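K.L.:
Here it is, the structure in full.
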Amino acid sequence: MDVNVAIVGAGISGLSAAWELHKLGIESLVVLEANSRVGGRTLNYPLKSGGYVEQGGTWVGPTQTALLALAEEMGITTKRGKFEGQTLYGFRQKWTMLEASPTFESEIAQQDFARAMAKFEALCLTVPVKTPWKSPDAEALDSIAMGAWIEQNTTTDEAKAWFEGCVRQILSGDPNQVSFLWMLHFVHTAGFYDLLETAEEFCLVGGTQQISLNIAERLGNRVVLNAPVTEISGYDGSVVQLISEYGVIRAQQVIVAMMPKSIAGLKFHPPLPPIHRQLIEGWKTMSWIKIHAVYEQPFWQEKISTGHFLSIDTKIEAIDISPENGSKGVIVGLLAPDYSKLPESERKEIFLAFLRQTFGEAAQQPLELVQFDWNDQPWIGGCISALPPGLLTTVGSALNSPAGRIHWAGTERSSIWVNYIEGAIRAGQKAARDVVALL
């Protein structure tokens, strides 16, 4: 099969690229997806009691304009993202609400945390979103882990724990395994305030996977499922050849829209340049285990003023995402990657115990409890990405540079809202425009 463009991966980034190509007049294209579904790291899960829950990327913020525009183009509207209320941080069996602007009368830990966070925010602004490896003192910032910086810039145990909790909240993983420079870059690509305050303001009616489903329907037989690509060759010549279970594809240009870590499973002939190989081999994935507890009604809302709890002691986060009309009660739980080592039944008991302690005795008896572990997905292998210390300044330029006729997409390649659906869409659209310029 001969096409102008072949796309590897039918997640939201690959399909955004395909749709952009289609709109720009490129009809000779194919999207090859290893899984039996489209959507990548977005996934709607049907409930026995009716409706669905979202097991992957879920929320939308007002500054995520590419996502909102594409959703509107696909005929998808927004709804409230979660129950209003501040996050309560649990540390040493005490729940605390962080003060946005603590005064001299505030507890020492609140002042300590605010000072460290202000310093972190100021440093974020020094990191160029497109070329973070060119930041002032880039090598020094990249040489230390986020956890080490927190240790050095807080004086109280509480502030240190709260800051580490914030990192886990937005990244899922261990702050001691994440480059400080990469963390600054990650936050700056979203905007400090928007990441912490508005990123979960909306959801999409029908779920975020609906974007991919709608694009795939419009593209028809150009999207091929159950077709994992195993080899890519000739990318340094005039025609790229892809070997997949669908057959052999020959393309003028290729877009690989996969998490960098997953690209390691592909064979390249000739081997990718060393800078690309080092980036792929050094990439880290981090992923929550996502659990939804569904109830007849949100009985807890009359008793507590917030629906967002992050326990630093247990590394469990719980968010009230019940429908605004109160038709049912839904709590989503995010468990740290450590829990992936435990049997599903044990995770269930731990989470139910947490719900009982946090939302009341009735939370022990949900109508449904559904779990999803992104760490176990064979073609994806995680939901969130991060770079370890030392990699960004060494090979970061490979993020946005093609390898011959291979172009890269996926949220990790974006310079806006990295690790979010917004970043995935932007990276896909950029790759498509780059390809069109070459055809």
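The values are calculated or read from the model by the stated rules, or taken from the named source; none is laboratory data. The shown structure was predicted, so the numbers you read here are calculated from the model rather than taken from an experiment. Cβ coordinates were reconstructed from backbone atoms using ideal geometry, including for glycine residues, and neighbour counts include every protein chain displayed. Keep in mind that these areas ignore ligands, DNA and RNA; they rest on the heavy atoms of the full protein, side chains included. Shrake-Rupley method; radii C 1.70, N 1.55, O 1.52, S 1.80 Å.
K.L.:
Charges on Cβ only, +1 for Lys and Arg, -1 for Asp and Glu, centred on the Cα centroid of the chain; of Pro378, Leu88, Leu47, which one is farthest towards the dipole's positive end?
P.N.:
Of the listed residues, the answer is Pro378.
K.L.:
For the chain, which whole-number percentage of the solvent-accessible area (1.4 Å probe, protein heavy atoms only) is attributable to carbon and sulfur atoms?
P.N.:
Ligands and nucleic acids excluded, carbon and sulfur reach 50 percent.
K.L.:
Could you tell me the calculated FRET efficiency between Thr156 and Thr65, based on Cβ-Cβ distance and R0 = 60 angstrom, to the nearest 0.05?
P.N.:
0.95
K.L.:
Also, quick follow-up: If you take the beta carbon distance between Gln93 and Ala437 as r and set R0 to 51 Å, what does 1/(1 + (r/R0)^6) give as a FRET efficiency, to the nearest 0.05?
P.N.:
Efficiency at R0 = 51 Å is approximately 0.30.
K.L.:
Could you compute the FRET efficiency for Asp376 and Ser36, with r as their C-beta to C-beta distance and R0 at 22 Å, rounded to 0.05?
P.N.:
That gives a FRET efficiency of 0.90.
K.L.:
Kindly work out what percent of the DSSP beta bridges joining two residues of the chain are antiparallel, to the nearest 5.
P.N.:
Among the beta bridges of the chain, antiparallel pairing accounts for roughly 65 percent.
K.L.:
Beyond 19 Å between alpha-carbons counts as too far, so tell me which of Lys134/Lys261; Lys160/Lys348; Lys303/Lys328 fall in that bin.
P.N.:
From the list (Lys134/Lys261; Lys160/Lys348; Lys303/Lys328), the Cα-Cα distance tops 19 Å for Lys134/Lys261; Lys160/Lys348.
K.L.:
By how many nm would the segment from Phe192 to Ser101 lengthen if fully extended, with 0.36 nm per residue of separation less the alpha-carbon distance?
P.N.:
The span from Phe192 to Ser101 would gain 31.2 nm if fully extended.
K.L.:
Which residue, Gln429, Gln55, Gln252, has the most motion in a Gaussian network model of the chain that connects Cα atoms within less than 10 Å?
P.N.:
Comparing Gln429, Gln55, Gln252 in a Gaussian network model of the chain, the most mobile one is Gln252.
K.L.:
Would you mind working out the accessible area per residue for the chain, using a 1.4 Å probe, and quoting it in Å²?
P.N.:
41 Å²
K.L.:
Still on this structure: When the helix-only estimate is applied to the chain (DSSP H runs of n ≥ 4, each -39,500 (n - 2.57), divided by the residue count), what is the mean residue ellipticity at 222 nm, nearest 500 deg cm²/dmol?
P.N.:
So the calculated ellipticity at 222 nm is -9500 deg cm²/dmol.
K.L.:
Let me ask you something else. Compute the label zone of Glu368 within segment 36-54: residues whose backbone N is under 15 Å from the point 7 Å along Cα-to-Cβ.
P.N.:
43-54
K.L.:
From the protein chains alone at 1.4 Å, what is the descending order of accessible area for His22, His308, largest first?
P.N.:
Ranked from most to least accessible, the order is His22, His308.
K.L.:
Can you list the residues of segment 245-286 with backbone N under 11 Å from a point 7 Å past the Cα of Thr230, pointing along Cα to Cβ?
P.N.:
245-247, 267
K.L.:
May I ask for the angle, rounded to the nearest 10°, between helix 421-438 and the longest principal axis of the chain, with both axes built from Cα atoms and the value confined to 0 to 90°?
P.N.:
20 degrees
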